[in-house]
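Enquirer: Encoded as C-alpha cells, here's the structure I'll be asking about.
The values are calculated or read from the model by the stated rules, or taken from the named source; none is laboratory data. This structure is a prediction, so every number in the text was calculated from the model and none was measured. Cβ placement follows ideal geometry from the backbone for every residue including glycine, while neighbour counts extend to all protein chains displayed.
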C-alpha cells in the first residue's frame, strides 16, 4: 500500500521535518554509529521461556539512532516494506521526541507494530534498502529497533493511539484465521467502515504469532495488546470456529457475509518419510511449539506435556528451526543441535536468531541429512545422517546439497523435531466449490488483487505462499483489503 513519491516528498517538506534536517549536518548524521540493542545475558535468558532476549532501546538510544536517518528525498527503505510504512516520517517523530506520533504513523499502515518490530526480517527488507546499506556500505538505520521502541512506548503509556474508522456501511466481511495476514486485512477493512468478523479455529486469537513464535521473541501479552487495539476499532472475533466445519462459507453467505478473506495459514507439518519417523520422540515443530507456547507444556502442571529430552536435534535451518532448538534449551536439553543439509552460510534463518542460538549453546551440525531414525523398543535413541557436499546452485539460488557416497554417521539423540516446512490445511480448499488450488494445496489468487477463482473469496499469507514471513503475510492482507474495498464500493455504486 505504498503511496506515490510525490506524496512522501510533500510530507517531507513539512516545516518540522525541514527544521530537523537543518539541525544536524549530513556528515554528522553519517558519522554516528548504529545503536546496539541491549540483551539479557545468554545464561540468564536460556533458563526461561518468557524472558525476552532483546531489552529494547531507551529513549536516549532511540533518539540518537533516529538522528542517523537522512530523511531521504527518495525513501528507498519504504520500497522494502511489504505494508508500505512511511518509515522516515515515524523515525523523524522519534528524533523529535514524539513517540506517540511515531506510533500513529506506524498504525496508518501496520496493525502489528510491536510484533513487526521484533520478528520482521528488517535486514532483508527495509534495512536492506536503507541509504546507508545501498550507498555507504555502512550499517543501516535500525528501523526495526525504532519500530519496537515506538510500540513499546505506547504500550507502557497511559495514552493509546486509536486509528480513525469510517462510518459503518453495514457490509459484513468475514476473515478466516487470526494470524498476521488476517489481522492486517481486518484492520484495514474496519477503517473503511466494514463490519468485520475474524473466525479463529483455536481458542486463542493471534495465529502463528501466538502458537508459532516463542515468548522469548514475542511475548503473548504484546500480541494481546495489538488485538485489543483492533477490537477498539470495531473488529469482532469468534474463537473455536473452524470455517468449513463449524460452518461453511455458504452458510456464512446465508448470514449476510458479502465477501471473505482466507488467511488460514499453513499449519500442516511436513515430514521426510524416512525409516523410524513414527517412533516415540520424533515430532513436528508445529506440535512442539504449539504445546509449549499456547498450552504451557513447559510447566509441571501442564495438561498437554511434551517430551523434553536431554539430547535434542532439530532438523531444518529456518526461523522455525531456531525457535524450536532454542525452546528445547529452555525446556532443559543438555545438548541441542541443528541438523541442516547445507552449510552454515546458507541458513535461511534470520542472522539475529542464529547469533542468539549460538550464544545459548546450540551446536550447528551442517552438511548432514537424516536418512533414518534409530530406536529401541519404539523409543528414539539416535539418528543416522548422510554427509553432504555442495554442488551447483538450484532454483533457490543456493548451492544444491549432494550426498557423499558411503559417508554416514550415527548421532545419539532422544528427541527429534522436524522443522522442514509446512503445507496448507486442506479444510478451506476442500470445502469451497470452484476454488482453484495449486498442486501444493495452496489457493491460487491474482498476484495483484489477491482475488481467487471464486468471486467473493480473497486469500493471502501462507495459505497462498505455502510458508513466508509475518510481514509478507501482512502485505497480502493489506493488498486484499484494498482490492476487496474497491470491488465492493463499485458494486454499491451500481
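Enquirer: Being assigned to a loop (DSSP other than H, G, I, E, B), touching a residue at least 60 places away in the same chain (Cβ under 8 Å) and touching a helix residue (DSSP H, G or I) at 6+ places or on another chain (Cβ under 7 Å) is the filter here, so list the residues in the stretch 292-308 that pass it.
Expert: The answer is 298, and nothing else.
Enquirer: Look through 106, 11, 57 and report the one residue that is assigned to a helix (DSSP H, G or I) and closer than 30 Å to residue 322 by Cα.
Expert: 106
Enquirer: Ok, one more. Which is surrounded by fewer than 21 Cβ atoms within 10 Å (Cβ to Cβ), at pLDDT 95 or above, outside the structural domain of residue 191 (by TED's automatic domain parsing) and not in a loop (DSSP other than H, G, I, E, B), of 149, 132? Steps first, answer last, please.
Expert: Details: 149 fails: surrounded by fewer than 21 Cβ atoms within 10 Å (Cβ to Cβ).
Selected residue: 132, the only one of 149, 132 that is surrounded by fewer than 21 Cβ atoms within 10 Å (Cβ to Cβ), at pLDDT 95 or above, outside the structural domain of residue 191 (by TED's automatic domain parsing) and not in a loop (DSSP other than H, G, I, E, B).
Enquirer: Filter the stretch 367-380 down to the residues that are free of Cβ contacts under 8 Å to residues at least 40 places away in the same chain and crowded, with 16+ Cβ neighbours inside 10 Å and list them by number.
Expert: 367, 369
Enquirer: Another one. Within the stretch 442-468, track down each residue that is in contact with a strand residue (DSSP E or B) (Cβ under 7 Å, 6 or more places away or on another chain), surrounded by fewer than 21 Cβ atoms within 10 Å (Cβ to Cβ), free of Cβ contacts under 8 Å to residues at least 40 places away in the same chain and in a loop (DSSP other than H, G, I, E, B).
Expert: Within the stretch 442-468, just 444 meets the criteria.
Enquirer: Looking at the stretch 20-33, can you tell me whether even one residue there is surrounded by 15 or more Cβ atoms within 10 Å (Cβ to Cβ) and in contact with a helix residue (DSSP H, G or I) (Cβ under 6 Å, 6 or more places away or on another chain)?
Expert: Within the stretch 20-33 (the criterion being surrounded by 15 or more Cβ atoms within 10 Å (Cβ to Cβ) and in contact with a helix residue (DSSP H, G or I) (Cβ under 6 Å, 6 or more places away or on another chain)), the answer is yes, since at least one residue qualifies.
Enquirer: Let me ask another. Within the group 222, 218, 230, 183, which residue is touching a helix residue (DSSP H, G or I) at 6+ places or on another chain (Cβ under 6 Å), in contact (Cβ under 8 Å) with a residue 40 or more places away in the chain and under 24 Å from residue 479 (Cα atoms)?
Expert: Values: 222 fails: under 24 Å from residue 479 (Cα atoms); 218 fails: under 24 Å from residue 479 (Cα atoms); 183 fails: touching a helix residue (DSSP H, G or I) at 6+ places or on another chain (Cβ under 6 Å).
Selected residue: 230, the only one of 222, 218, 230, 183 that is touching a helix residue (DSSP H, G or I) at 6+ places or on another chain (Cβ under 6 Å), in contact (Cβ under 8 Å) with a residue 40 or more places away in the chain and under 24 Å from residue 479 (Cα atoms).
Enquirer: Residues being within 30 Å of residue 461 (Cβ to Cβ) and touching a strand residue (DSSP E or B) at 6+ places or on another chain (Cβ under 7 Å): count how many of those fall in the stretch 373-414.
Expert: Restricting attention to the stretch 373-414, the residues satisfying the condition of being within 30 Å of residue 461 (Cβ to Cβ) are 393-401.
From what is left, the residues that are touching a strand residue (DSSP E or B) at 6+ places or on another chain (Cβ under 7 Å) are 393-394, 399-401.
Result for the stretch 373-414: 5.
Enquirer: Going through the stretch 51-62 one residue at a time, which ones are touching a residue at least 24 places away in the same chain (Cβ under 8 Å) and surrounded by fewer than 18 Cβ atoms within 10 Å (Cβ to Cβ)?
Expert: Residues of the stretch 51-62 touching a residue at least 24 places away in the same chain (Cβ under 8 Å): 51-54, 56-57, 59, 61-62.
Those that are touching a residue at least 24 places away in the same chain (Cβ under 8 Å) and surrounded by fewer than 18 Cβ atoms within 10 Å (Cβ to Cβ): 51, 59.
Enquirer: Evaluate the stretch 173-185: report whether one residue or more is over 27 Å from residue 464 (Cβ atoms) and part of a helix (DSSP H, G or I).
Expert: Narrowing the stretch 173-185 to residues over 27 Å from residue 464 (Cβ atoms): none.
There is no residue in the stretch 173-185 that is over 27 Å from residue 464 (Cβ atoms) and part of a helix (DSSP H, G or I).
Enquirer: Further question: Answer with yes or no whether residue 106 is out of contact with any helix residue (DSSP H, G or I) (no Cβ under 6 Å at 6 or more places or on another chain), at pLDDT 95 or above and farther than 27 Å from residue 356 by Cα.
Expert: Numbers: out of contact with any helix residue (DSSP H, G or I) (no Cβ under 6 Å at 6 or more places or on another chain): no; at pLDDT 95 or above: yes; farther than 27 Å from residue 356 by Cα: yes.
Considered against the rule, which asks whether it is out of contact with any helix residue (DSSP H, G or I) (no Cβ under 6 Å at 6 or more places or on another chain), at pLDDT 95 or above and farther than 27 Å from residue 356 by Cα, residue 106 comes out as no.
Enquirer: Could you check the stretch 245-267 and list, in sequence order, the residues that are in contact with a strand residue (DSSP E or B) (Cβ under 6 Å, 6 or more places away or on another chain) and loosely packed, with under 14 Cβ neighbours inside 10 Å?
Expert: Scanning the stretch 245-267 gives a single hit, 256.
Enquirer: Kindly list the number of the only condition in (1) assigned to a helix (DSSP H, G or I); (2) crowded, with 24+ Cβ neighbours inside 10 Å; (3) in contact (Cβ under 8 Å) with a residue 40 or more places away in the chain; (4) within 20 Å of the chain's Cα centre (by Cα) that fails for residue 78.
Expert: The number of the failed condition is (2).
Enquirer: A further question follows. Quick one: in the stretch 424-439, of everything that is surrounded by fewer than 24 Cβ atoms within 10 Å (Cβ to Cβ) and modelled with pLDDT under 90, which residue is farthest from residue 371 (Cα to Cα)?
Expert: Pass one, the stretch 424-439, residues surrounded by fewer than 24 Cβ atoms within 10 Å (Cβ to Cβ): 425-427, 429-439.
Now narrow it down to the ones that are modelled with pLDDT under 90: 425-427, 429-431.
Numbers: 425: 27, 426: 28, 427: 31, 429: 32, 430: 33, 431: 36 Å.
That would be 431.
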